[in-house]
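What follows is one structure encoded as structure tokens, with my remarks underneath.
The values are calculated or read from the model by the stated rules, or taken from the named source; none is laboratory data. Fair warning: this is a prediction, and the values are worked out from it, not measured in the lab. Here the Cβ positions follow ideal geometry from the backbone for every residue, glycine too, while neighbour counts run over all protein chains shown.
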Amino acid sequence: MKKNKTAIFLLILIILNTITIIYLANFRYYVFYENYYKKQFEQNNIYSKLPQADLALNNLFLFFNGKDNIDNDFFNENERSHLQDVKELINKVIVIFYFLVFSEILLVFLLYHLAKKRFKKHIKFVLLYSGSIILITSIIFYLFSNNFNNLFIIFHEIFFPQGNWLFPANSNLINLFPQTFFYSFFYKLMLNSFITSMIIFTIGLLLFSEEK
């Protein structure tokens with residue numbers, strides 16, 4: 001009885017871990033996907049306002065990877081302060097991502113040794129439940145994006161309480177990354193997470209159908 005309760009507890013942790021890992025994996029992919037940024041620059045006519053956009057982007061990637069300082073000529077002091085906070089947030093997210101991946105491996109290992117006979121069935125449940133939860137939450141998050149301006153403000157108030165994220169309209173940082181950029185980023189994140197969840201949910205269904 002105690003083993004069953006422990007197995008269920010591990011199963012719940014694995015499902016929650018899987019959900020978070022999928023969202024964070026997609027975030028990590030897009031936050032360092034240089035071609036995505038350049039496509040957004042083209043779609044938002046950034047190059048007409050800032051011909052040096054690619055140089056600024058390259059400088060940011062080097063800065064986020066700890067290989068360079070922020071360009072003082074392009075970004076002002078307030079912008080550099082905010083970008084430092086952004087870098088710290090990204091680093092924290094990546095650390096959490098790798099921690100969750102490691103813990104996922106450990107939890108699956110423990111579940112296997114605790115419930116070898118039911119392990120395959122447990123994994124099918126992980127695929128089905130995590131896939132279905134991501135499907136639902138992705139749709140909910142996307143519906144919230146209909147009021148993206150408020151969502152954008154709430155996000156910044158939570159993760160940047162120091163309040164250094166407000167800039168004038170002529171700011172280089174605002175011109176480089178207008179709100180439409182972040183809406184597109186959010187949309188891509190939800191879409192990719194939705195597609196990933198469809199794949200793992202389908203795999204779970206197929207594995208269950210094999211039993212019949």
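Inspect all residues belonging to the stretch 48-56 and state whether any of them is surrounded by fewer than 13 Cβ atoms within 10 Å (Cβ to Cβ) and part of a helix (DSSP H, G or I). Yes, the stretch 48-56 has at least one match. When the criteria are applied in full, Asn59 meets the requirement of being more than 19 Å from Trp165 (Cα to Cα), polar (S, T, N, Q) and in contact with an Asp or Glu (Cβ under 8 Å, 6 or more places away or on another chain).
Considering the stretch 97-112, and only residues there that are over 25 Å from Asn59 (Cα atoms) and touching a residue at least 40 places away in the same chain (Cβ under 8 Å), the residue that is surrounded by the most Cβ atoms within 10 Å (Cβ to Cβ) turns out to be Leu111.
So for the stretch 58-75 (the condition being surrounded by 13 or more Cβ atoms within 10 Å (Cβ to Cβ), of a type in the set (Val, Ile, Thr) and in a helix (DSSP H, G or I)), does at least one residue qualify? No, there is no match, as no residue in the stretch 58-75 is surrounded by 13 or more Cβ atoms within 10 Å (Cβ to Cβ), of a type in the set (Val, Ile, Thr) and in a helix (DSSP H, G or I). Could you pull out the residue among Ile12, Ile21 that is within 30 Å of Lys116 (Cα to Cα), among the aliphatic types (A, V, I, L, M) and without any contact (Cβ under 8 Å) to a residue 24 or more places away in the chain? Step by step, each of Ile12, Ile21 is checked, and only Ile12 is within 30 Å of Lys116 (Cα to Cα), among the aliphatic types (A, V, I, L, M) and without any contact (Cβ under 8 Å) to a residue 24 or more places away in the chain.
Consider Lys124 carefully, then state whether it is under 30 Å from Ile70 (Cβ atoms), of a type in the set (Lys, Arg), in contact (Cβ under 8 Å) with a residue 60 or more places away in the chain and in a helix (DSSP H, G or I). No, not satisfied.
Taking residues in the stretch 68-96 that are closer than 15 Å to Leu176 by Cα and modelled with pLDDT of 90 or more, and partners anywhere that are of a type in the set (Val, Ile, Thr) and buried (at least 16 other Cβ atoms within 10 Å of the Cβ), the pairs with Cβ atoms closer than 9 Å and at least 6 places apart or on different chains are Glu79/Ile70; Arg80/Ile70; Leu83/Ile70.
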